[in-house]
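The values are calculated or read from the model by the stated rules, or taken from the named source; none is laboratory data. Remember, it's a predicted structure, so these values are computed and weren't measured experimentally. When we count neighbours, we look across all protein chains shown, and the Cβ atoms used for this are built from the backbone with ideal geometry, even at glycine. Heavy atoms of the whole protein, side chains included, go into the accessibility calculation; ligands, DNA and RNA do not. Shrake-Rupley method; radii C 1.70, N 1.55, O 1.52, S 1.80 Å.
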Amino acid sequence: MPREMLALMGRMLRDGALRPRRLVGGLRNFVAAWRGAEPPRLPVAAVIDPSAVCQLHCPECPMHCRKQPSGAGLMDSGRFRGLIEELTDNAMFIALYNVGEPFMNPDCTEMIDVLTACRISSAVSTNGLCIADQESAERLVRSGLTVLIFSLSGSTQAVYEQYHRGGVLDDVLRAVRLVQAARRAHARATPYIKLRFLAGDRNRHDLPGMRNLAGSLDPDFVEFREMEPGRAPEATSPEAGEERGPSDRRGGRCLWPWLMTAVLWDGSVVPCCRNERDLPVFGNAFGEGGLAAVWHGAAYREFRRRMRAGRDGIECCRGCPGRIGYQQG
């Protein structure tokens, strides 16, 4: 098992996220997937998007390619609390990010507080630009966030801005160091800091520089993720334990519809976080009956029925490289 996953599971165990009831529920849902039946319990993990707003203009991002189904907006903190109240008996882990920059929602850190109080482990992926001072870094560390992922795409400003358009690399590096300093000041091991370098045609030549930059920052984990479909990165994190290229498993059954779900900022429920794939909307978690009504509803049931035959029979899933896990966000 990759070192990153071992560290995460250990932290979840220490923080009380792996409660027996949740583990039993996850097992029951997994058995249902194996048997081709409906999941009896709500998902054990979820991707919840606090923000479909971003201050950058990254060219391949669904946020700016108009490929997300719900437009731009920020999740209401009260509705978020209601959603977590519904999930708390089952969910062990929440990825609090998807389409936009999570910290553009001023309530994002408060949302992490809610997850920590419910003993649900959490991860946030950020461009780092909203962590601008020591106060915000310390507030984030005190929130109990489990994993903080910084998204990068170069070791110099000239390379970085080819993808992260409108961003300042020095500001991101400063944010990493601020969080590291806050962890030391509060004697905290978390949030684990992960650097996620995005590799594509614009910046692949800079992979050696990215590796050097990662070494100088000394994060907990490093990942190199390929942005171009069907191509594996030249440098893959040993901690991540996977590559982003093609696989002979791509047409097999995906377990997301039985174990995980994704909720967009306005409550729209979609099958996963692969927003570039024109995902179907199953319903709204903020509507009558909440998430349970959607999870056990007709649209989700039909999607699972089709998934039993494998991904190739579903247009938005065909050839998907995704795996179960927060690393896919």
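Just a few scattered comments:
- Scanning the range 107-162 for residues that are basic (Lys, Arg) and free of Cβ contacts under 8 Å to residues at least 40 places away in the same chain gives a single hit, ARG139.
- Selection count where residues are open to solvent by 50 Å² or more (accessible area, probe 1.4 Å), on the phi < 0 side of the Ramachandran plot and not in a helix (DSSP H, G or I), scope the range 115-147: 2
- Among the residues here, GLY154 qualifies as crowded, with 23+ Cβ neighbours inside 10 Å and either charged (D, E, K, R) or over 22 Å from CYS273 (Cβ atoms) (or both).
- In the range 2-37, residue least open to solvent (accessible area, probe 1.4 Å) [restricted to those that are at negative phi, part of a loop (DSSP other than H, G, I, E, B) and in contact (Cβ under 8 Å) with a residue 12 or more places away in the chain]: ALA17
- Test: residue in the range 36-53 that is at pLDDT below 95 and over 28 Å from LEU195 (Cα atoms): yes
- Pick from the range 255-271, criterion assigned to a loop (DSSP other than H, G, I, E, B) and open to solvent by less than 20 Å² (accessible area, probe 1.4 Å), ranking: nearest to GLY25 (Cα to Cα): PRO271
- For the range 314-325, the condition of being surrounded by 17 or more Cβ atoms within 10 Å (Cβ to Cβ) and modelled with pLDDT of 95 or more holds for none of the residues.
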